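Contents: one structure, followed by commentary.
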C-alpha cells in the first residue's frame, strides 16, 4: 500500500477487504482480531505504521493479554508509538466498559423459567394503566432476558402489535426467544380473537426465523393469562 511521506495511514484509505470497520459490518465482531478491534478505536496510525500495527504494538506491550492491557493508564499508553492522549483515553474508556460488563455478569439478567417470572418482570409496566400497551421480552438461548421493549400503545379497547416490528426488534438483538404481553384495562382476562390470531401469526413467523414464541401474556390488574400455561402454543 503506497502512502505519501509524512501522511497518516487512515483506515479509510485501506483496501476494502482490509478495513476492520467494513469487516465488522460484513462478518460481525467475532471475525475481528483484538488488534483489528483496537484499530477501529484508534482510527489512524502513524506515517510508518497502520492503525492495526499500532494496535499490535500496544498488545505486545501488554503480553498480548487484554486483562493486562486494561491495567495500563493513559500515561502508560502514551509511551507507545502512535498513541496520543485522545487515543489513550479512548482505549482506557473502552476497556473500562468491558470491565464493567464483566463485573455485571450474565447472571444479573433475569431468567424466565415459568410464566410468573415474565409476569413479575412486566406487571409494573402493565397492571395499572388505563389504556392498552404491548410489550416484548427478548431472551437469549438460556432464557435470560436481553431486554424488554414497549412495542406500541393504544386506547382503552386495544392496541396494534405489528409482527414485522416485533421480529425486527428481536433480530437486531439476536434474540433466540420472545415473550409478548399486553394488558386488558377492562380486567377481563379472556383473550380476544385478535389476541389468538396474533399469537398464531407470531408463532408461525418465529418458526421461519428460528426465534421461538415462548408465551403471550394478558395482564389484567394483579392477574394474568398465559397462552403457554393454557396449552395454546
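FYI, it's all coordinate maths here, none of it is from the lab. Just so it is clear, the model here is predicted, and its values are computed rather than measured. Glycine also receives a Cβ, built like all others from the backbone with ideal geometry; neighbour counts cover every protein chain displayed.
Overview of values
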quantity	calculated
Sequence-separation-based contact order of the range 11-104, relative, with Cα cut under 8 Å and 6+ spacing, percent	20
Nearest-ten-degree value, helix 193-209 long axis tilted from longest Cα axis of the chain	30
Length-normalised contact order of the chain in % [C-alpha pairs under 8 Å, at least 6 apart]	13
Degrees separating the helix 85-104 axis from the principal Cα axis of the chain, which is the longest one	40
Length-normalised contact order of the range 105-233 in % [C-alpha pairs under 8 Å, at least 6 apart]	26
Cα gyration tensor of the range 47-152 - equivalent ellipsoid semi-axes, whole Å, descending	45, 15, 12
Residues residue 109 and residue 189, FRET efficiency given R0 of 30 Å [Cβ-Cβ distance, rounded to 0.05]	0.60
Overall Cα dimensions of the chain - principal axes, largest extent first, Å	74, 33, 29
Degrees between helix 115-126 axis and first principal axis of the chain (Cα, 0 to 90, nearest 10)	90
Projected-area average for the range 11-104 over all orientations - Cα convex hull basis, square nanometres	6.1
Kirkwood-based shape ratio for the range 122-175, expressed as Rg/Rh from alpha carbons	1.02
Listed residues 82, 206, 28, most fluctuating in the chain (Gaussian network, C-alpha, under 10 Å)	28
Kirkwood Rh and Cα Rg combined as Rg over Rh, evaluated for the range 115-226	0.93
Footprinting exposure proxy for 179, 83, 146 (fewest neighbouring C-beta atoms within 10 Å first)	146, 83, 179
